[in-house]
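**Q** Before we start, here is the structure in question, set down as structure tokens.
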């Protein structure tokens, strides 16, 4: 009960702050973001020493070297965080934007204006830079934000949030605009998810367990940042050089992210030419390949780093230098595989056939569908939105990269001259 | 468990149907809607006789005459239902609309295409025409729909849905595209709300109890259609004739709907001129008035149909010919009252002062904010959207009137020529 009361008092403060934030000028919000950036850089040493506590605990708890690497702060990473804040300050303010304005036959002028959502709660795991990124996006879009980071980064997040809060307050932002939950008690998540009178949107960023917990227990609307099981389909008519470049980019440029390719689908007509070439390139890049029967038959079973795919391979988001490959006999078979196994995240086709390209584009259900380009482009920067909260795998409100304008909602505005309803 | 299994099997069928619906041409969907309209009209007598069973049960259960009137079907109402289907057929198909398309510096063309949400569940009370309206909007936007009407209209809804389903199937729509839940067991609602793998959106339309039940128990995203506690503020500089026309329209044109005015706020500088006039008009229209102390002092306490307002009056959605009136000393006081007591539905100002009009427009938080016009315009037809699902009081995805395009979501589409991420 004490935990609930404390969290509620904090959420109420953020709620009050959100009312003020909603009406702040862009100038004040930007001034605050630049001050926050400066404060982070000035506190670089302190942040790194607090981060060391997290790294020490993490090592003791047996976190993998990859996770520890993601968790660690360096002077360069602190600067990058500060630059992230400056980038958000430089983006246009979405609040007050009038999306459309039409005149009705009765003379009413009716449009929609972007306004902040209100209070946004973010529940995230691991990387501490998310704390700064998310706070910046919420402030710029006029929203109060409640941050709940993972226990493995609690010292780093607490230090970052304290610096951000202090700088925000000194720049004229209201008390509570940015609020970090300082307890690592997991119960705090369940308590937060009940506060639908105080929090307007919950964004979970993390593993499947977290997303499931949030979806099942939230009374507050949820915008999921779920997994990406992404495919690239190399059609019979694909330009082979283009297909090689796109597949290699989608798999190896950054294998641990959600928009990386996990399964390669190859049309059987091009497989004898394409498969030996792409597998040679993949092996050179240390990618382990798991092939369907046809793939294995075409490549021969004795190659190192090549093994038969099991059913589980089609459902696995490796997030690693591993790729499953399946030969299909048609575009329809490729699309059926994607519909069955894909996570509706990022799906690509490489083809020279216009009808096939448009069929794939229209029929495939995903947050982003790519023709002749890499799934790695499913990203706020690449799509021209600027910084992003992440990539939404929800269908409602925002799907795909979530930029500043997705952190607003629209109210109708009506200019009349005395009109009444007949 | 049996109930859950039955509902699940039905939802799975609708899910499969939704995949086919998503790819149907506008021509087939429109043909089905027109056939459904014709079938409803042809079955008018049958529908009215089924409706009589509901009216009989309703009268036995002691439903109010107003509720029984809402529930009743007449030949005219059946025709209006059919015309509603024809109107939806005549609206543009939102599916496949490309919302924007931009070229990035690397040559990628990136845009967003509207696609169906998937399966929509509607939980509604009372009026049986909702069954046809909602089915039409969901079919046109390519969504499967699961309908759960109120027990008081079960015979009417079952008959309407059976006719719609039969006509839809005969016109080439997939089995299960429109599915009505035929049990009146309330447990069915709780079972439905767990099916987040099969249903993409839940829309509750009804009283506060229903909305609360759905919000607290749903794992599926919810778009609420909650109450409207709407205000009109008559500013010091208002044109008095205009203010009279707007206030009368907002209160009496259709008092039982969510966008009707419930509280009138009057600036103290105009109150001595305006209040006696508007109250005389309201009384002539049989509106009962509940005034604040200042209102009572200005009007004298002895008038018939005029009594002092209690605190509860500011929080009550009368949905009837009752109006609370409060005199305020400033625009800020009016906006503070709205922020405290309003339900963020429809809020209006009547003023000749440009700065006040714009301040009100920018600061007031509601699904629609009106300058010099009636709150009654917060409606899909009035806003030019055509037919609507209702008026969303949720902030995310769609706020205000929910038209066809709000029943879609957007996927990013990317046209490349071999681009890869650097």
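**Q** Only residues that are assigned to a helix (DSSP H, G or I) and under 26 Å from the mean Cα position of the chain (by Cα): list them for segment B:21-30, please.
**A** B:21, B:26, B:29, B:30
**Q** Please verify whether segment A:34-57 includes one or more residues that are out of contact with any strand residue (DSSP E or B) (no Cβ under 9 Å at 6 or more places or on another chain), within 14 Å of chain B (Cβ to nearest Cβ) and touching a residue at least 24 places away in the same chain (Cβ under 8 Å).
**A** No - not one qualifying residue is present in segment A:34-57.
To keep it simple, each residue is scored yes or no on (1) crowded, with 18+ Cβ neighbours inside 10 Å; (2) out of contact with any strand residue (DSSP E or B) (no Cβ under 7 Å at 6 or more places or on another chain); (3) within 18 Å of residue B:71 (Cα to Cα).
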residue	(1), (2), (3)
B:151	no, yes, yes
B:154	yes, yes, yes
B:159	yes, yes, yes
B:164	yes, no, no
B:168	yes, no, no
B:172	no, yes, no
B:192	yes, no, no
B:195	yes, yes, no
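**Q** Here's a follow-up. Restricting attention to segment A:97-130, which residues are modelled with pLDDT under 95 and touching a helix residue (DSSP H, G or I) at 6+ places or on another chain (Cβ under 6 Å)?
**A** Within segment A:97-130, A:124, A:126, A:127, A:128, A:129 meet the criteria.
**Q** With the structure loaded, tell me whether residue A:396 is under 21 Å from residue A:343 (Cα atoms), assigned to a loop (DSSP other than H, G, I, E, B) and either in contact with a strand residue (DSSP E or B) (Cβ under 8 Å, 6 or more places away or on another chain) or more than 7 Å from chain B (Cβ to nearest Cβ) (or both) or whether it fails that test.
**A** Criteria met by residue A:396.
**Q** Would you check if residue B:33 is touching a helix residue (DSSP H, G or I) at 6+ places or on another chain (Cβ under 6 Å) and in a helix (DSSP H, G or I)?
**A** Yes: the conditions hold for residue B:33.
**Q** Being part of a helix (DSSP H, G or I), facing chain A (nearest Cβ under 10 Å) and buried (at least 20 other Cβ atoms within 10 Å of the Cβ) is the requirement here; does residue B:376 meet it?
**A** Yes.
**Q** Is it true that residue B:91 is touching a helix residue (DSSP H, G or I) at 6+ places or on another chain (Cβ under 7 Å), more than 14 Å from every other protein chain (Cβ to nearest Cβ), in contact (Cβ under 8 Å) with a residue 40 or more places away in the chain and over 23 Å from residue B:47 (Cα atoms)?
**A** yes
**Q** Determine whether residue B:337 is away from chain A (no Cβ under 14 Å), under 20 Å from residue A:18 (Cα atoms) and either in contact (Cβ under 8 Å) with a residue 24 or more places away in the chain or within 22 Å of the chain's Cα centre (by Cα) (or both).
**A** Yes.
**Q** Follow-up question, since we're still on this one. Determine whether residue A:77 is at pLDDT 95 or above, surrounded by 15 or more Cβ atoms within 10 Å (Cβ to Cβ) and within 14 Å of another protein chain (Cβ to nearest Cβ).
**A** The answer is no for residue A:77.
**Q** Follow-up question, since we're still on this one. All but one of (1) touching a residue at least 60 places away in the same chain (Cβ under 8 Å); (2) at the interface with chain A (Cβ under 9 Å from one of its Cβ atoms); (3) under 28 Å from residue B:25 (Cβ atoms) hold for residue B:96; which doesn't?
**A** (1)
**Q** Here's something else I'd like to know. For segment A:317-331, which residues satisfy the criterion of being within 21 Å of residue A:368 (Cβ to Cβ) and either free of Cβ contacts under 8 Å to residues at least 12 places away in the same chain or surrounded by fewer than 21 Cβ atoms within 10 Å (Cβ to Cβ) (or both)?
**A** The answer is A:317, A:318, A:319.
**Q** If you don't mind, another one. From the residues in segment B:349-371 that are surrounded by 23 or more Cβ atoms within 10 Å (Cβ to Cβ) and more than 30 Å from residue A:392 (Cα to Cα), which one is nearest to the other protein chains (Cβ to nearest Cβ)?
**A** B:370
**Q** For segment B:164-203, give me each residue that is in contact with a helix residue (DSSP H, G or I) (Cβ under 7 Å, 6 or more places away or on another chain), within 14 Å of chain A (Cβ to nearest Cβ) and in a loop (DSSP other than H, G, I, E, B).
**A** B:193, B:195, B:196, B:198, B:199
**Q** Also, quick follow-up: So which residues in segment A:215-237 are in contact with a strand residue (DSSP E or B) (Cβ under 7 Å, 6 or more places away or on another chain) and either part of a loop (DSSP other than H, G, I, E, B) or within 10 Å of another protein chain (Cβ to nearest Cβ) (or both), if there are any at all?
**A** Selection gives A:215, A:218, A:220, A:221, A:222, A:223, A:224, A:228, A:229, A:235, A:236.
**Q** Taking the condition within 7 Å of chain A (Cβ to nearest Cβ) and modelled with pLDDT under 95, does residue B:384 pass?
**A** So residue B:384 fits the description; yes.
**Q** Could you tell me whether residue A:133 is free of Cβ contacts under 8 Å to residues at least 60 places away in the same chain and assigned by TED's automatic domain parsing to the domain that holds residue A:65?
**A** Judged against the criteria, residue A:133 is not a match.
**Q** So residue A:304 ticks every box in (1) out of contact with any strand residue (DSSP E or B) (no Cβ under 6 Å at 6 or more places or on another chain); (2) under 22 Å from residue B:422 (Cβ atoms); (3) surrounded by fewer than 20 Cβ atoms within 10 Å (Cβ to Cβ); (4) touching a residue at least 12 places away in the same chain (Cβ under 8 Å) but one. Which box is left unticked?
**A** Residue A:304 satisfies every listed condition except (2).
**Q** Say we look at segment A:404-422 and pick out the residues that are free of Cβ contacts under 8 Å to residues at least 60 places away in the same chain and more than 7 Å from chain B (Cβ to nearest Cβ); which of these is surrounded by the fewest Cβ atoms within 10 Å (Cβ to Cβ)?
**A** Result: A:422.
**Q** Mind checking which residues of segment A:238-277 are within 14 Å of chain B (Cβ to nearest Cβ) and over 24 Å from the mean Cα position of the chain (by Cα)?
**A** Across segment A:238-277, the qualifying residues are A:238, A:239, A:240, A:241, A:242, A:243, A:244, A:245.
**Q** Going through A:63, A:40 one at a time, which residue ends up being in the same structural domain as residue A:132 (by TED's automatic domain parsing), buried (at least 19 other Cβ atoms within 10 Å of the Cβ) and within 25 Å of residue A:126 (Cα to Cα)?
**A** Just one listed residue meets the conditions, A:40.
The values are calculated or read from the model by the stated rules, or taken from the named source; none is laboratory data. All values reported here derive from a predicted model rather than from experimental measurement. Every residue, glycine among them, receives a Cβ derived from its backbone with ideal geometry; neighbour counts consider all protein chains shown.
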